[in-house]
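Report on the structure given below.
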Number of protein chains: 2
Amino acid sequence: MSTTAKFTVKGALTRARIVEAAADLVLARGVGGTTLDDIRAGTATSKSQLFHYFPDGKRELVAAIASFQAERVLQAQRPFLDTLDTWEAWEGWRDAVIAHYESQPHWGCPIGTMASELIGSDPERAAEVAAHMDRWCGYLRAGLTRMRATGLLRPGADPGELALAIFASLQGGLLLTQTMRSIKPLRAALDAALTALRAEAA
Amino acid sequence: MSTTAKFTVKGALTRARIVEAAADLVLARGVGGTTLDDIRAGTATSKSQLFHYFPDGKRELVAAIASFQAERVLQAQRPFLDTLDTWEAWEGWRDAVIAHYESQPHWGCPIGTMASELIGSDPERAAEVAAHMDRWCGYLRAGLTRMRATGLLRPGADPGELALAIFASLQGGLLLTQTMRSIKPLRAALDAALTALRAEAA
DNA sequence: AGCAGATTGGACTGTGCAGTCCAGAGGGTT
DNA sequence: AACCCTCTGGACTGCACAGTCCAATCTGCT
């Protein structure tokens, strides 16, 4: 995290370049469908660089990609993500999410897709990815908790369950968006999720 | 489909045995994480049998597994799936879905997981899997269409969008159920989806 | 300048995997 | 019995891939 003494500026730059390009490749072809040689070719680097910056090989690279994608996707939801305690913020968030995924060359959620793929082949990496998803879902829950505290949600509402439900709609919508090659499912899913949320209004 | 003249009874049995065992392996470890040797070992068959019954190799086997899993998962939703035109039927369906996935040794949706994994590495197979998902979603839409016709849903409701939203909740709930190793997300997602559906009541 | 460590190139290794092939056993039809 | 087609066993091939290694170059520091 903070022990960055290992690389020079140039090195850190190269490392970042590798992660970013590799992230796109993995997003398009999946973890299993992307080889180190693909990444090597896509970044104009050599095998030794890959293992210089990621001594643990593909595993470590995959973990770095997951962090990078998580950061990117959370960033796309700012500033709404941090202030999901009004109805307006939720609407804004919904629009930001749709706009972000609509703009991506390849549809589908980088995080959810990786989690789903890795869970069967590399549970440890899958757990790391799942942690990013938890963090993400946590923002939703935090907003809902504040909404209940401020009386926007009825006292009996369960922020944890609601956050899970909304997050599930998001992930499922993205899954369908990917398989159907259309943004429609995501939009329908989020609209329905917010409708369900409104049903918990005070 | 109907041209079953290729195999004897014994052969068809062996083939079915392979598909069923392979389906479990793939469900647990993913397509990319399951090798033909794993399947060979798990079914006590030989390499030549695999290619005898699936001349196109792993691709054909994967397609067969997808069909098998689709059939199995649709079957678990009967009889509700065919009569989703009352509120009671939707409640029953919800319970049947949860009960089915709760009883599975490995959580997660066999179909959705395969679709997500294959889309990056084998688009043709992914399209086949997506077709199964469309069929599935079609049952939901058909029920909603009848509900609108009988006046249970308001005339302005869009059965297609609602079906997509509910199906997305289901798939997303299963994705989270898989990563979080708990049935809770699925239950929360389906409850919210049905709440949103009720909001469209006439 | 000269050293040490960071950085890079690319050939090489070992293995795990899908797919091939052939020889042989089983079983049913005449 | 003789025949043929289905079914089965398992060795073998070829390749793709993750990971290793060493030598060369660059960069910052003194």
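Side notes on the structure shown:
- Ranking of A:56, A:85 by neighbouring Cβ atoms within 10 Å, starting from the fewest: A:56, A:85.
- FRET efficiency for the residue B:38 to residue A:20 pair, using the beta carbon distance and R₀ = 35 Å, is estimated at 0.50.
- Overall form of the range A:56-151 per C-alpha gyration tensor (a/c, 1.5; a/b vs b/c): prolate
- Relative to the longest principal axis of the Cα atoms of chain B, the long axis of helix B:9-29 makes an angle of roughly 60 degrees.
- Look at where the Cα atoms of the range B:145-185 and of the range B:11-61 average out, and the two centres are 33 Å apart.
- Take the Cβ atoms of residue A:198 and residue B:149, set R0 to 25 Å, and the FRET efficiency comes out at 0.40.
- Other-copy label distances relative to residue B:88, 7 angstrom Cα-Cβ extension, nm: 4.7
- Annotation: amide H of residue A:153 within the under-5 Å range of A:148, A:202, sequence separation 5 or more or interchain, hydrogens built in the peptide plane.
- Across the range B:69-83, computed HN-Hα scalar couplings (Karplus, 6.51 cos²θ - 1.76 cosθ + 1.60, θ = phi - 60°) run 5, 4, 4, 4, 6, 5, 4, 5, 9, 6, x, 4, 3, 7, 10 Hz from first to last residue, x flagging Gly and Pro.
- With contributions of -39500 (n - 2.57) from each DSSP H run of at least four residues, the per-residue ellipticity at 222 nm computed over chain A stands at -24000 deg cm²/dmol.
- Residues A:169, B:121 in ascending order of nearby Cβ atoms (within 10 Å, fewest first): B:121, A:169.
- In sequence order, the range B:137-152 has phi-based couplings of 4, x, 4, 4, 4, 4, x, 5, 4, 5, 5, 5, 5, 8, x, 6 Hz under the Karplus curve 6.51 cos²θ - 1.76 cosθ + 1.60, θ = phi - 60°, and Gly or Pro positions carry x.
- Among A:44, A:66, A:192, the residue with the largest mean-square fluctuation in a Gaussian network model of chain A, with springs joining Cα atoms closer than 10 Å, is A:44.
- Candidates per trypsin sites (Lys or Arg not before Pro) in the range A:111-186, loop by DSSP, up to 15 other Cβ within 10 Å: A:181
- Shown for residue A:202: label points 7 Å from Cα along the beta-carbon vector, and their distances to the equivalent points in the other copies, 3.6 nm in ascending order.
- In chain B, the alpha-carbon atoms span a convex hull of 128 Å³ per residue.
- From the C-alpha gyration tensor of the protein assembly as shown, square roots of 5λ in Å: 34, 33, 16
- Placing a label point 7 Å from Cα along the Cα-to-Cβ axis, residue B:55 is separated from the same position in the other copies by 5.3 nm, shortest listed first.
- Each Lys and Arg Cβ is given +1 and each Asp and Glu Cβ -1; about its Cα centre, the protein assembly as shown then shows a dipole of about 540 debye.
- Each Lys and Arg Cβ is given +1 and each Asp and Glu Cβ -1; about its Cα centre, chain B then shows a dipole of about 380 debye.
- Close Lys pairs in chain B (alpha-carbon distance under 22 Å; sequence gap of 8 or more, or different chains): 5.
Each reported figure results from applying straightforward, stated rules to the coordinates on display, with no laboratory input. Because the structure is predicted, anything quoted here is derived from the model rather than measured. Note that each Cβ is placed from the backbone with ideal geometry, even for glycine, and that neighbours are counted across all protein chains shown.
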